[in-house]
Amino acid sequence: MPIIEVSGLRKAYGGRPVVDGVAFTVEEGEIFGILGPNGAGKTTTVECIEGLREPDAGAVRVAGLDPRADRNALTRILGVQLQESELQEKLTVREALELYSACYPNPVGWRELAERLGLTGRLTARFGKLSGGQKQRLFIALALIGNPRVVVLDELTTGLDPRARRDTWTLIEEVRDSGVTVLLVTHFMEEAQRLCDRIAVIKRGRVAALDTPAGLIRHSAGGTVISFAPSRPLADGDLAGLPEARTLERRNGRLTIHGTDTTAGAVISLLARHQITPHQLRVTDATLDDAFLELTEDREN
Ligand SMILES: Nc1ncnc2c1ncn2[C@@H]1O[C@H](COP(=O)(O)OP(=O)(O)OP(=O)(O)O)[C@@H](O)[C@H]1O
């Protein structure tokens, strides 16, 4: 059953539409990703879901609540990690955790949360003295402390080192496995591919694609990437009939073809027929990165 429902969402700033008819639903218990280029309207969309912005048009419901009209009830079930958060410089980590947990009727134990986020050793440190990564982890803890049904994480792991990033991913998977719905805005494709059950790709204020990570890869970029430097040039005509080939790129004497396993087989036979050696041959699976770039490519310019 959907826990978040967004339909026909529109928001303009100074007459310029930045969210232009966004619609999607998020099922309870899934990690739902929102991806998109800078300025695509992701944060504006999640801020409408959080009740921080008033939409110009459209409807948003979170567990049946209207984020603007039912703001008080919403804050009891929604945890939010904002993109650029600040706390009082002198507040210690422990004070922040205690303060926030006192705001909720049914908070999780802050000590356990601090432990899971690697903050136990920094409980007496003042916010102003924390590193960027420690601040980030504290904000994740504050988003989770109220025992929310839905948590919104905007740029979850920006500023974290690779180990902290991986630890945070494990934590978010545990959060999801405990039944919490996660709405994740991210620029990291590896993060989205690993964590998200489904992803909406937003481009210029609209949903350009909505699917599982595997589905996005399959439908947009082609599942297989074949790349090699032919020992002698291949004519366009020879390559034209390749089955299931979606894109073909020539760069610095290298050919890169996006297609499927069938395409890869056909390329190998074609090369054998023409007695061409494929130097540095690589056959790899397309990634979410490939799919994202193809989906958000600006063909209008
Ligand atoms: N309060 C505001 N007033 C005017 N314009 C705004 C306001 N907030 C955002 N914008 C503009 O709206 C557009 C969408 O911004 P938004 O923050 O929603 O995008 P985003 O997809 O989250 O981008 P990013 O990935 O860079 O965070 C941008 O061009 C931004 O400059």
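The values are calculated or read from the model by the stated rules, or taken from the named source; none is laboratory data. Computed from a prediction, not measured in an experiment: that's the story for all the values here. Cβ coordinates were reconstructed from backbone atoms using ideal geometry, including for glycine residues, and neighbour counts include every protein chain displayed.
Of all residues in segment 261-301, those satisfying the criterion of being under 15 Å from SER227 (Cβ atoms), surrounded by 18 or more Cβ atoms within 10 Å (Cβ to Cβ) and modelled with pLDDT under 90 are ALA286, ASP290. Within segment 155-182, residues that are assigned to a helix (DSSP H, G or I) reach partners that are within 16 Å of the ligand (Cβ to nearest atom) with beta carbons closer than 6 Å, at six or more positions or on different chains, in the pairs ARG165/THR157; THR168/THR157.
Could you grab me the full set of residues in segment 1-18 that are near the ligand (Cβ under 8 Å from one of its atoms) and assigned to a strand (DSSP E or B)? Across segment 1-18, the qualifying residues are TYR13, ARG16, VAL18. The set of residues in segment 83-103 that are buried (at least 16 other Cβ atoms within 10 Å of the Cβ) and either hydroxyl-bearing (Ser, Thr, Tyr) or in contact with a Ser or Thr (Cβ under 8 Å, 6 or more places away or on another chain) (or both) comprises THR92, VAL93, ARG94, TYR100, SER101.
Condition check ((1) closer than 30 Å to ALA40 by Cα; (2) modelled with pLDDT of 95 or more; (3) in contact with a strand residue (DSSP E or B) (Cβ under 8 Å, 6 or more places away or on another chain); (4) not aromatic (Phe, Trp, Tyr)) across all residues:
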{"site": "VAL175", "(1), (2), (3), (4)": "yes, no, yes, yes"}
{"site": "HIS187", "(1), (2), (3), (4)": "yes, no, yes, yes"}
{"site": "ILE199", "(1), (2), (3), (4)": "yes, yes, yes, yes"}
{"site": "ASN252", "(1), (2), (3), (4)": "no, no, no, yes"}
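For segment 19-73, the tally of residues that are closer than 18 Å to VAL152 by Cβ, assigned to a strand (DSSP E or B) and within 11 Å of the ligand (Cβ to nearest atom) stands at 4.
For the criterion of being touching a helix residue (DSSP H, G or I) at 6+ places or on another chain (Cβ under 9 Å), farther than 30 Å from GLY15 by Cα, away from the ligand (no atom under 16 Å from the Cβ) and touching a residue at least 40 places away in the same chain (Cβ under 8 Å), LEU97 passes.
The lone criterion from (1) farther than 19 Å from THR157 by Cα; (2) more than 16 Å from the ligand (Cβ to nearest atom); (3) in contact with a helix residue (DSSP H, G or I) (Cβ under 9 Å, 6 or more places away or on another chain) left unmet by ARG76 is number (3). Checked against the criterion of being part of a helix (DSSP H, G or I) and touching a helix residue (DSSP H, G or I) at 6+ places or on another chain (Cβ under 8 Å), the candidates ALA272, ALA291, ALA266, ALA245 yield just one match: ALA291.
Screening the candidates LEU123, LEU183 for the property of being touching a Lys or Arg at 6+ places or on another chain (Cβ under 7 Å) and either over 28 Å from ASN38 (Cβ atoms) or at pLDDT 90 or above (or both) yields one hit, LEU123.
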